[in-house]
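The values are calculated or read from the model by the stated rules, or taken from the named source; none is laboratory data. Since we're looking at a predicted model, the values are computed, not measured. Ideal geometry is used to build each Cβ from the backbone, glycine not excepted, and the neighbour counts take in all protein chains shown. Accessible surface is based on the protein model in full, side chains and every heavy atom, while ligands, DNA and RNA are left aside. Shrake-Rupley method; radii C 1.70, N 1.55, O 1.52, S 1.80 Å.
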Amino acid sequence: MPHDFYKSYLEAVPLPAVLVDAEARILAGNEAAVKLNPHADDDRPLILVFRQPSLNSAVDACLKDGKSHRAIYAHNDGPQEHRFDVTVSPVDLVAASGGRLVAPSMRTKGVMICFQDVTEVQQLDQMRRDFVANVSHELRTPLTAILGFVETLQGPARGDSAATERFLGIMSDEASRMNRLVGDLLSLSRVEEVSRMRPTDPVDLDQIIRAVIRNLSPLAESNQSTVTYKDAAAPVVVPGDPDQLLQVITNLVENALKYGGQGTQVAVSLTQVQSHAGLRGTGWMVSVEDNGPGIDGIHIARLTERFYRIDSHRSREMGGTGLGLAIVKHIINRHRGRLKIESTLGKGSVFSVVLPAT
C-alpha cells in the first residue's frame, strides 16, 4: 500500500491521525501525529510506537469486531502531561494502481486512530470542582458556627442575657462574612460574563484614586495608618468601567491598610509609562506601595488564585474572602491591562496596575 497515497488523505484530518493495517502496523501518520510522536509515520508495528496498553487494546478490538472503540492516551510534554481522547475506527484500505483505485474485492481492513487533546477541558473541569469545593468549605464554616450558637441559645444558654449578647455578636460577624463571600462571588461572575467586552467609557483615574482614599480614610485612621497620593500633572483619562476600576483600586489600597499592620504607610502614585510588556503604545500605572511585613516570593505567583490565602486565619479575621485579587485580575484582563506584584519580606509590597491609554 503506497505510503504517500494514505498520507495525503491524513493531512486533511485536523487532529493527529494514524492509519494502521490489519496487522496493526503503521501505514501513515499526518504531521500533527508526528508532532505528538516522532515515529507516528514510521513503517513499524503500532505497539512499538504508542506503548500504552489501553490504546493498543482498542486497536486490536477494532480489528476483530469491526466496531469503533475509544481509549485514553497520556503524553508527557516536558513538565506537563497531556491527555488525549482517542477514537479508533474501522476503515477500508484502498490503494491506487496504474492511476486507478483497486476493485472493492481487493480492499483490506484497517484502522484510523485520531487523537483529540482534552487536557484543557479536564483542567477546566478540575478547576470547577475545586471552586465548588472551596465555596462549599467557605460557606460551611460560618454556617456551622451560626447553627451551633443557635442550638446553644435554644438550649443551655436560654435566658442567659450575657451569653446571648456575645453569641449574637459572633453570629452577626459570621453572617456578614457569608454576605461578603456571596457578594464577591456575584462580582466575579459578573466580571467573567463581560470578560471579552472591553469597556470604552472615558474614566478619570485621578478622580477614582481620590475617591478611594476618601472612602478608606476611616479605615486608615482606625489603625493609625497614612495614605499619600502622588498624582499626575493633569487629568488622566483612559477607556474603562468606572465601577470596576474603583473596585480594583479600593481592593489594593484596602489590602495595603489591612495587611500592612498598625501604623503602616501606604503610598499611591499615578504615572505614565511609555512601554510595558503586553501593551501597545503608552499606558498609565497606578501603584500602591506599603511598608508592611511583605510577602514571601513563593506566594506571589498564586496570589490571584481564587481562595488562595497566605494566612487563612488572619485573612478571615480581616474579613477577607480570598477572592479579592482574583476579581482584580479578571477586571484588569478585561481592560487589556497588566497586574504586577513586587514584594520583599520585611520591606513591604508594591501592587501595580498598568492600563492602556487608548
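Observations on the model:
- Test: S187 is touching a residue at least 60 places away in the same chain (Cβ under 8 Å), of a type in the set (S, T, Y) and surrounded by 15 or more Cβ atoms within 10 Å (Cβ to Cβ): yes
- Taken together, the residues in the stretch 73-87 that are closer than 13 Å to I113 by Cβ and open to solvent by 40 Å² or more (accessible area, probe 1.4 Å) amount to 1.
- Residues within the stretch 39-60 that are farther than 20 Å from P14 by Cβ and open to solvent by 30 Å² or more (accessible area, probe 1.4 Å), tallied: 13
- Among the residues of the stretch 256-298, those that are polar (S, T, N, Q) and either in contact with a helix residue (DSSP H, G or I) (Cβ under 7 Å, 6 or more places away or on another chain) or loosely packed, with under 12 Cβ neighbours inside 10 Å (or both) comprise Q262, T264, Q274, S275.
- Of all residues in the stretch 61-72, those satisfying the criterion of being open to solvent by 60 Å² or more (accessible area, probe 1.4 Å) and of a type outside the set (G, A, S) are K64, D65, K67, R70, I72.
- Condition met for S97 (loosely packed, with under 12 Cβ neighbours inside 10 Å, at pLDDT below 85 and within 30 Å of A58 (Cβ to Cβ)): no
- Candidates A28, A24, A71, filtered to the one that is under 23 Å from V121 (Cα atoms) and at pLDDT 90 or above: A71
- Residues in the stretch 28-38 that are open to solvent by 30 Å² or more (accessible area, probe 1.4 Å), touching a residue at least 12 places away in the same chain (Cβ under 8 Å) and in contact with an Asp or Glu (Cβ under 9 Å, 6 or more places away or on another chain): E31, A32.
- Residues that are surrounded by 12 or more Cβ atoms within 10 Å (Cβ to Cβ) and in a helix (DSSP H, G or I) within the stretch 222-242 comprise just one, P242.
- Filter pass, I208 being assigned to a helix (DSSP H, G or I), open to solvent by less than 60 Å² (accessible area, probe 1.4 Å) and more than 21 Å from R180 (Cα to Cα): yes
- Given (1) open to solvent by less than 60 Å² (accessible area, probe 1.4 Å); (2) modelled with pLDDT of 80 or more, index of the condition D117 fails: (1)
- Candidate set from the stretch 309-346 (those that are among the basic types (K, R) and either at pLDDT 85 or above or in contact with a helix residue (DSSP H, G or I) (Cβ under 6 Å, 6 or more places away or on another chain) (or both)); member that is surrounded by the fewest Cβ atoms within 10 Å (Cβ to Cβ): K340
- Selection within the stretch 167-184: residues that are open to solvent by less than 40 Å² (accessible area, probe 1.4 Å) and among the aliphatic types (A, V, I, L, M). The member of this set that is nearest to the chain's Cα centre (by Cα) is L181.
- Sole residue being surrounded by fewer than 21 Cβ atoms within 10 Å (Cβ to Cβ), among the aliphatic types (A, V, I, L, M) and closer than 14 Å to V88 by Cβ, chosen from L19, L15: L15
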